[in-house]
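Asker: Once you've had a glance at the structure underneath, I'll fire off some questions.
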Amino acid sequence: MLKYEGSIWRPPSEARSLILQATVGCSHNACIFCVSYKQKQYRIRGADGVQSDLDSLPDSHKHRIRRVFLADGNALAMSTNELIETLKVLRPELPSLERVGAYGYAKDVRDKSVDDLRKINDAGLGIVYLGLETGDDDLLRWARKGVDSEENIKACKKIREAGIPLSLTIILGLGGLEHSERHARETARILNKIDPEYVGALTLMTPPGTRINEMVQTKEFVPMSPMEILEELKVLVEVLELTNCVFRTNHASNYLPIRGTMNADKEAILKVLNDTISSDDPSKLRPSYMRGL
C-alpha cells in the first residue's frame, strides 16, 4: 500500500492514474497563490523511491495500471539521468502502462537541451503539465512565479520540439478586475506563440496559508466576481488563435465547465459565454460551495 508524504495534487485528467512521488514538494514553492507544497521541503526520491512504492503494490493491481503521474510539484526538476532512470523503473513493473505524466516548471527545463528532453520522452514521459498562469510579465513578478513570459515560451517550445505533448494551465482572475483585460490578452498572446496541445483554465482560489489570502484579508487584493471571471475568459477566447488545442475549464475551481477544441469550437464557446453572461443568472454557474482545490 502506498504511503504518500503530505497532500497529493494532480491534474484533473490524471484522476485514474497511479500517482507515484518521484519528488516531494516543489523546487520553486514561492508562488503567492499556491498552498499545495508549503509544508514540504523539496527533495528527490527518484528511481529508488518509485521502485519501493511499486514493490508495495500487488501484482494483480500492477497489471491494471494504464497511466502513471509522477508527483509532486515538478518532477522535471530532476536531472535528465535521474528522470530517465526513474522512468525506466516503470515499464517492467507495469506491463499495461500507456502514458506517464508529470508537472514541469520553466526553470527546470532551461538547463535541459531538446536532445535531453527527447531522451526523457523516449524513456516514457508522455505529457508535461506546466503552469503558465499568465502571459503578463508584471503579474508574473507580482505572483512570484520566478520566470517571465519569454522563459515560459522557450521552455514550452523545447518540450514541444522534443515531441512531448504539452498541457498548460492559466489562472483566471489572477490580476483582479484592474488588470483583467491585460491579463487575458497577454495570456492569449503567449498561448498563441506556444500553440500547445492542451490548455486548462483555472479560476483563482485564495486559500488560507497563501500570501494572496493575506492580501484579500487586508483588502490589498479583491477577487473578481463570477461574471467578471467569465468576461475575462471571453476576452481570452476571442484573442486565441490555436491550431488544434483541447481547451477546458473543467477544474473544480471554475464557475462554468467548458470543453472544446480551439479554434474549431471558438464560436460555440463564445456563444456559451455570451449567453451565460447576458443571462446574469447565478443558477447557471457552479455554486461557490462546490468549488475547491
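Asker: Tell me, which residue of region 101-116 that is of a type in the set (A, V, I, L, M, F, W, C) and closer than 29 Å to PHE33 by Cα is surrounded by the most Cβ atoms within 10 Å (Cβ to Cβ)?
Answerer: So, considering only residues that are of a type in the set (A, V, I, L, M, F, W, C) and closer than 29 Å to PHE33 by Cα, the one surrounded by the most Cβ atoms within 10 Å (Cβ to Cβ) is ALA102.
Asker: Please determine whether any residue of region 242-251 is surrounded by fewer than 18 Cβ atoms within 10 Å (Cβ to Cβ), without any contact (Cβ under 8 Å) to a residue 12 or more places away in the chain and either under 22 Å from ARG160 (Cβ atoms) or more than 21 Å from the chain's Cα centre (by Cα) (or both).
Answerer: No - not one qualifying residue is present in region 242-251.
Asker: Okay, moving on. What are the residues in region 166-211 that are of a type in the set (Val, Ile, Thr), more than 17 Å from ASP148 (Cβ to Cβ), out of contact with any Gly (no Cβ under 9 Å at 6 or more places or on another chain) and surrounded by 22 or more Cβ atoms within 10 Å (Cβ to Cβ), if any?
Answerer: Of everything in region 166-211, just one residue is of a type in the set (Val, Ile, Thr), more than 17 Å from ASP148 (Cβ to Cβ), out of contact with any Gly (no Cβ under 9 Å at 6 or more places or on another chain) and surrounded by 22 or more Cβ atoms within 10 Å (Cβ to Cβ), namely VAL199.
Asker: Among the residues of region 78-106, write down those that are outside any helix (DSSP H, G or I) and either within 13 Å of ILE159 (Cα to Cα) or touching a helix residue (DSSP H, G or I) at 6+ places or on another chain (Cβ under 7 Å) (or both).
Answerer: Across region 78-106, the qualifying residues are MET78, LEU94, LEU97, VAL100, GLY101, ALA102, TYR103, GLY104, TYR105.
Asker: Return the residue satisfying two criteria in turn: it lies in region 30-74 and is among the β-branched types (Val, Ile, Thr) and in a loop (DSSP other than H, G, I, E, B), and of such residues it is surrounded by the fewest Cβ atoms within 10 Å (Cβ to Cβ).
Answerer: Selected residue: ILE32.
Asker: Looking at region 27-81, which of the residues that are among the charged types (D, E, K, R) and over 19 Å from SER7 (Cβ atoms) is modelled with the lowest pLDDT?
Answerer: Once the filter is applied, the top-ranked residue is ASP59.
Asker: Just to verify a result, which residue in region 10-27, among those that are touching a Ser or Thr at 6+ places or on another chain (Cβ under 9 Å) and of a type in the set (A, V, I, L, M), is nearest to THR249 (Cα to Cα)?
Answerer: Checking each candidate, the answer is LEU20.
Asker: So which helices (runs of 4 or more DSSP H) stay within region 107-173 end to end and still have 3 or more residues that are in contact with a Leu (Cβ under 6 Å, 6 or more places away or on another chain) and closer than 29 Å to LEU233 by Cβ?
Answerer: 149-161
The values are calculated or read from the model by the stated rules, or taken from the named source; none is laboratory data. Computed from a predicted structure; not experimentally measured. Neighbour counts are summed over all protein chains in view; Cβ atoms, including those assigned to glycine, are modelled from backbone coordinates with ideal geometry.
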